[in-house]
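What follows is a short report on a single structure.
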Amino acid sequence: MSHFIGSTFGFGGEGGVAFFFILSGFILSYAYGEKVKNKEFQHKSFLRKQFWKFYPLHLLTFAIMIALDARLGHYFHWTKLLANMLLLQSWIPSNDYYFVANGSSWFLSDLIYFYVIFPFLFLFLMRASRRTLAVIGVIILLLYACLAASIPEDLINPLLYASPLTRQIDFAIGILLFRLCSSNIGGYLRKQMERMTPQQTTWLEMGMVVLVIIAFFIYENVTWRFCCASLFWFTMPPVLYVFYETDKRLGNITRLFHTSAMQWLGGISFEIYLTHWIVMRITKSIMLSCGIDIDNQLLMVILITTPVIIVVAWLTKRFFVQPIYSRMALS
């Protein structure tokens with residue numbers, strides 16, 4: 001929705017990025033934490049599987065976007081193309097590198113780094129004392145606040161929004177959230193939630209929706225230096241925590257997440273993410289050629305383009321991503 005609407009709904013992009021970085025830290029901890037603790041985690045095998053899951057699709061979307069740009073006479077310097085192709089663009093502190101070709105791929109640049117550091121960061125954050133974590137957390141927040149308040153405007157996006165070194169804070173928060181769920185405090189909170197009726201669970205879920213809405217209004221009134229990332233360190237973790245803990249108790253919102261349609265969409269969400277820019281660009285071009293004023297027909301653009309994005313994502317996973325992954329990663 002952020003990409004449909006544009007800069008007037010920047011909250012969707014920034015909030016979504018923060019949520020999924022935090023979710024990544026939480027999900028990796030949930031899925032592999034015990035293996036890491038027991039020294040059974042096969043890091044190289046994990047990295048190889050993740051590589052074959054996303055990199056071929058990255059190259060495909062990269063090539064398509066380059067072709068579309070060339071058709072319009074738009075060309076990029078080879079260094080920018082190389083950085084994007086190798087998923088190194090987020091390490092270069094310049095706005096000129098992030099949105100070359102398929103702009104969404106900058107997210108993968110950060111994600112690769114998180115995959116590499118995961119077992120080491122997980123062990124440290126799970127074993128460190130609360131006092132140590134508190135001291136480190138205060139120091140990081142102070143340093144981040146100083147950085148956010150002092151850097152030039154043109155470096156806000158490269159250093160605060162996209163840089164793997166600053167966004168690893170989001171990833172670490174996800175791991176710490178898992179630590180909370182695994183702790184005695186988490187166990188106590190879980191027992192309290194288990195006593196809730198389905199109606200009470202629904203109200204709690206609705207409270208998390210309200211929290212996101214409150215974050216939106218805060219976002220609208222806070223400088224981008226702080227709302228592009230750090231605002232969501234305090235608003236997204238409670239949302240993720242509550243929906244994780246209420247998942248088995250099925251409030252009304254969680255019931256929606258458990259429907260077959262939502263489960264199916266979740267299964268192609270990664271393909272939706274990497275292909276949606278291409279589909280939006282092509283469908284908008286076709287609509288313009290048909291005389292549709294896309295600037296003033298946002299609802300029509302959304303209603304036409306969204307189903308196409310979903311179909312393309314499914315076809316991409318079914319006939320491109322899965323065959324390559326099955327042959328290369330699982331062989």
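The values are calculated or read from the model by the stated rules, or taken from the named source; none is laboratory data. Computed from a predicted model, the values in this text were never measured in an experiment. Heads up, the Cβs are rebuilt from the backbone with ideal geometry, glycines too, and the neighbour counts pull from every protein chain shown. For accessibility, only protein heavy atoms count, side chains too; no ligands or nucleic acids. Shrake-Rupley method; radii C 1.70, N 1.55, O 1.52, S 1.80 Å.
Observations on the structure shown:
- Helical content alone sets the calculated 222 nm signal of the chain at -24000 deg cm²/dmol, taking -39,500 (n - 2.57) per DSSP H segment of four or more residues and averaging over every residue.
- Over 31 Å between alpha carbons, listed pairs LYS49/LYS248; LYS191/LYS317; LYS49/LYS80: LYS191/LYS317
- HIS74 exposes around 100 Å² of accessible area when a 1.4 Å probe is run over every protein chain in place.
- Cα-based shape type of segment 69-163, given that a ≥ b ≥ c are square roots of the gyration tensor eigenvalues and the cut on a/c is 1.5: oblate
- Estimated vicinal HN-Hα couplings, Hz - segment 279-293 in sequence order (Karplus 6.51, -1.76, 1.60; Gly, Pro = x): 4, 4, 5, 5, 5, 5, 4, 5, 5, 5, 5, 8, x, 7, 7
- Percent carbon-and-sulfur accessible area, the chain, ignoring ligands, DNA and RNA, probe 1.4 Å: 68
- Per the Kirkwood formula applied to alpha carbons, segment 214-275 shows a radius of gyration over Rh ratio, Rg over Rh, of 1.09.
- Euclidean distance between Cα centres, segment 104-119 to segment 149-181, Å: 12
- Note on exposure: PHE107, PHE118, PHE234 ranked by accessible area (1.4 Å probe, complete protein assembly) read PHE234, PHE107, PHE118, with the most exposed listed first.
- Candidate residues TRP277, TRP203, TRP106: accessible-area rank, largest first, probe 1.4 Å: TRP203, TRP277, TRP106
- Cα shape, segment 159-252, gyration tensor, a/c 1.5 rule: oblate
- Accessible surface of LYS191 - all protein chains present, 1.4 Å probe, nearest 10 Å²: 130
- Shape category assigned to segment 1-145 from the gyration tensor of Cα positions, a/c cut at 1.5: prolate
- Inter-centroid distance (Cα atoms) of segment 184-203 relative to segment 215-232, Å: 30
- Dipole of segment 229-331 [Lys/Arg +1, Asp/Glu -1 at C-beta], most positive-end residue of PHE319, MET300, ILE282: PHE319
- In the assembled protein chains, GLU220 presents an accessible area of approximately 100 Å² (probe radius 1.4 Å).
- Accessible area per residue, Å², segment 101-222 with all protein chains present, probe 1.4 Å: 52
- When log10 I(q)/I(0) by the Debye sum over Cα atoms at q = 0.09, 0.13, 0.14, 0.16 Å⁻¹ is calculated for this entry, the matching label among (1) -0.50, -1.05, -1.20, -1.49; (2) -0.54, -1.19, -1.39, -1.76; (3) -0.44, -0.94, -1.10, -1.44 is (2).
- The charge dipole of the chain, taken about its Cα centre with unit charges on the Cβ atoms of Lys, Arg (+1), Asp and Glu (-1) only, comes to about 1340 debye.
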